[in-house]
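One structure is given below, encoded as structure tokens.
Read-outs: derived from the displayed coordinates by stated rules, not from any lab. For clarity, every value in this text was computed on a predicted model and none was experimentally measured. As a convention, Cβ positions derive from the backbone with ideal geometry for all residues, glycine included, and neighbour counts pool all protein chains shown.
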Amino acid sequence: MSTSTPCTVYLPCDSVALALGADDIATTIQQQAQSRGIDLRIIRNGSRGMVWLEPLLEIATPQGRIGFGPVDIHDVNSLFDAGIFTNLASTDLPTNHPLSIGLVEQLPFLKNQERVTFSRVGITDPLSLDDYLAHQGYAGLDQALLMQASAIVQEVTASGLRGRGGAAFPTGIKWKTVLTTTPKDNQQKYIVCNADEGDSGTFSDRMVMENDPFMLIEGMTIAALAVGATVGYIYVRSEYPHAIATLNHAITIAGQHGYLGSDIRHSGHAFHLEVRKAAGAYVCGEETALLESLEGRRGIVRAKPPLPAINGLFGQPTVINNVITLAAVPLILARGAAFYHDFGQGRSRGTLPFQLAGNIQHGGLVEKAFGLTLRELLIDFGAGTASARPIRAVQVGGPLGAYLPESQFDTPLDYEAFAAIGAAIGHGGVVVFDDSVDMAKQARYAMEFCAVESCGKCTPCRIGSTRGVEAIDHIIADQNRPQKIHLLRDLCDVMKHGSLCAMGSMTPFPVLSALNHFPEDFTGQKETV
Amino acid sequence: MTTQNQAPGISDATQSCDHSSSEGCSSDHSNSDQLSALIARHCGMSGALLPVLHAIQDNIGFIPEMAVPLIADALNLSRAEVHGVITYYHHFRQTPPGRTVIQVCRAEACQARGADKLAQHVQTQLGCDFHATTADGSFTLESVYCLGLCACGPAITMNDQLYARVSPEKFNQLLKQGNV
């Protein structure tokens, strides 16, 4: 074939790919192409979220993108030798390379998802506004600019969208409160994006920020129009440097093209957006602690009421939403509330980007409508553990989520169904452990984590967590075990009902679920495998 | 609310951190002129304290004690308030870090992939405990609770560079490859 058609190569710029050497691989491919006289163009796309295949290299072909992964820097030579960068027009594409996975979008892991919020992720160049616009980007904002503020709020309410950070509060109701509250002293209202994604096992916020930043910016801009806010902040974890860099870059681009600033799309509406870097305090993922931190103070939880919607950032009416919540908004406006509402079941409407993590063979991001079972997620998508041992426990919803045994894997992933078994979906993180896990150790870790990360404002969380670690130590060492188990349960009860925020009130979830479902691990007899 | 006011992106931060961490131990890089300039550049922001502290740490590698009264003065806060914020957040350091800062993720998803074993291995290899710096100033070892690489653990950072699927053997290789 002629070399006149340059080969288009995709290699992700997501943190996962970078952590697995994607930058070096890209450099090597460029060098090899040059020395072999091959014309190719590398696009640093987002990640498809199939983490076990990362770094996933894709080649554009007339049939669709063909994938190769996981690619190591030492595989580059053989990929060139196999002709994958030169045989584009050929009907027998070199899919016989050992790393070939064939047509990427035909893989069951992707094909069986309902990619609604993540529809562009992995396909586009995250920082290409043209790419974004070519894939329905800013269609939601265009629609919102034609609507009254109250109609935007009504659309979000009708979609059934609930807060994706974990609390699952109806987004439309929160927005309505902010819309109808007058700011003090004629100051502005605020939109705050909670991107302090501290839960282990969760990375969907990071993926949005790194792989489709304009979607978050658009969602926040629509929120601003809906409630009459003019200033927004994205509070991002310091552990996410690439997300911060990508967002800053995207905000600059959006500003240059009139999508942010003092006159958005010549509408007369202003919205100024800024990224703020957090500083490693887990509790700042709690909304009022986050606001304290944004105001320049220690991230100490505020008592509620007053609600942030009425008395939020700098005392002004404030929308504070998670990244995924805000990222769902552009599509709701572009396609209508009914489109989003048609996904899901019961009171859990729409989709959730689940994150399969820990000891899982096919880990990554799975966006599905609410209602599939945990088992479908773990087996059909995840393909079981990476260690090929049986799954023993699964923690759903981050460090404050319950540990579930195999007998509960048929629970549908739905906010109410999970609440009914004393668990929480939280932010959709699913961490898998095989049979080598020591559940007493995990319970102790949950209490210890709470002791370290507690903001210290309320006693049940601050002191309860430390006493909890001691009680678990005594249980494991068989010092007055029955009494100490009673004490631990009592302590968990106080923490659950007496703490100011989820940090203290939800730490009992992992602790008690470990104790209830895996009591054999609390006898001090657990063998280390 | 202009772009100049935004917290610096990582590319700036990484470069300046590399620069200062190689010199941070040997010379007092943190003269008050530099500090004052950094504070002046960010103190006009609303809720400026965290951006100011980040600017200092990104450029100098830590928050020197002499910065506290300067910040307090610029932001009209008490020194206690500034000190309280610095010590509240895990991210901020009050002493210069070693030339290579290694963070090991110790959260649940990485635990499920052998992070505890890796953490022990790293401690032994470096001869350094967590939250400590080796006597020769080569390494600072820190825990981190989640880098968002939860489906390809264990994960670590080495001078802000991310690494995933880090076995003890891979860690040794990274140490060998690094300029350490």
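My understanding is that a pair violates if its Cα-Cα distance is over 20 Å; which of A:Lys174/A:Lys304; B:Lys117/B:Lys170; A:Lys189/A:Lys457; A:Lys111/A:Lys368; A:Lys174/A:Lys368 do that in this structure?
A:Lys189/A:Lys457; A:Lys174/A:Lys368
Could you work out the relative contact order of chain A? I mean the mean sequence separation of Cα pairs under 8 Å and 6+ apart, divided by the number of residues, in percent.
Contact order relative to length: 13 percent.
From the square roots a ≥ b ≥ c of the eigenvalues of the alpha-carbon gyration tensor of the range A:129-341, which class results: rounded (a/c under 1.5), prolate (a/b over b/c), or oblate?
Rounded shape, in that the Cα axes give a/c under 1.5.
I'd like the distance between the alpha-carbon centres of the range A:201-222 and the range B:37-113, rounded to an integer number of Å.
One Cα centre to the other: 26 Å.
Determine the sum of side-chain charges near A:Thr86: Lys and Arg each +1, Asp and Glu each -1, restricted to other residues whose C-beta is under 11 angstrom from that of A:Thr86.
-1
Could you work out, for the range A:1-137, what percent of all Cα-Cα pairs fall into each 10 Å distance bin, beginning at 0 Å and stopping at the bin that holds the largest distance?
Bins of 10 Å from zero give 12, 44, 36, 8, 0 percent of pairs.
Is the shape of the range A:1-47 rounded, prolate or oblate, going by the alpha carbon gyration tensor and its root eigenvalues a ≥ b ≥ c, with a/c under 1.5 for rounded and a/b larger than b/c for prolate?
Oblate, because a/c is 1.5 or more while a/b does not exceed b/c.
Once you have the alpha carbon radius of gyration of chain A, what is it after dividing by 2.2 N^0.38 Å, with N set to its residue count?
For chain A, the normalised Cα radius of gyration is 1.01.
Can you give the local net charge around A:Val394? Use residues other than it whose beta-carbon is closer than 12 angstrom to its beta-carbon, Lys and Arg +1, Asp and Glu -1.
The answer is -1.
As an exercise, use a Förster radius of 45 Å and the Cβ-Cβ distance of A:Ala151 and B:Gln123 to find the FRET efficiency, rounded to the nearest 0.05.
0.15
Using the Cα gyration tensor of the range A:324-480, with a ≥ b ≥ c the square roots of its eigenvalues, what is the shape: rounded (a/c below 1.5), prolate (a/b larger than b/c) or oblate (neither)?
oblate
Under a plain spin-label model, where a point goes 7 Å from the Cα along Cα-to-Cβ, how far apart in nm are A:His266 and A:His97?
In this crude label model, A:His266 to A:His97 measures out at 4.7 nm.
So what does log10 I(q)/I(0) come out to for the range A:302-396 at q = 0.10 Å⁻¹, using the Debye formula with one equal point on every Cα and no solvent?
These q points yield log10 I(q)/I(0) values of -0.44.
Rounding to the nearest 20 debye, state how big the charge dipole of the protein assembly as shown is about its Cα centre with +1 on each Lys and Arg Cβ and -1 on each Asp and Glu Cβ.
1300
In angstroms, what radius of gyration and Dmax does the range A:344-434 have, counting Cα atoms only?
Calculated on Cα positions, Rg and Dmax stand at 11.8, 36 Å.
For the range A:439-523, what is the convex hull volume of the alpha-carbon atoms per residue, in Å³?
Taking the convex hull of the Cα positions in the range A:439-523, it is 68 Å³ per residue.
Students often check this: by mean Cβ neighbours within 10 Å, which of A:505-512, A:5-12 ranks highest, and how do the rest follow?
A:505-512, A:5-12
In whole angstrom, how far apart do the alpha carbon centroids of the range A:463-529 and the range A:5-43 sit?
50
Cα centroids of the range A:332-375 and the range A:244-304: how far apart, whole angstrom?
26
When averaged across all projection directions, what area in nm² does the alpha-carbon convex hull of the range B:100-177 cover?
With the hull built on Cα positions only, its mean projection is 4.4 nm².
Grab the beta carbon distance between A:Phe169 and A:Ala303, set R0 = 22 Å, and tell me the FRET efficiency rounded to 0.05.
Calculated value: 0.80.
Report the net charge of residues surrounding A:Arg347, where surrounding means a beta-carbon distance below 15 angstrom and charges are Lys +1, Arg +1, Asp -1, Glu -1.
0
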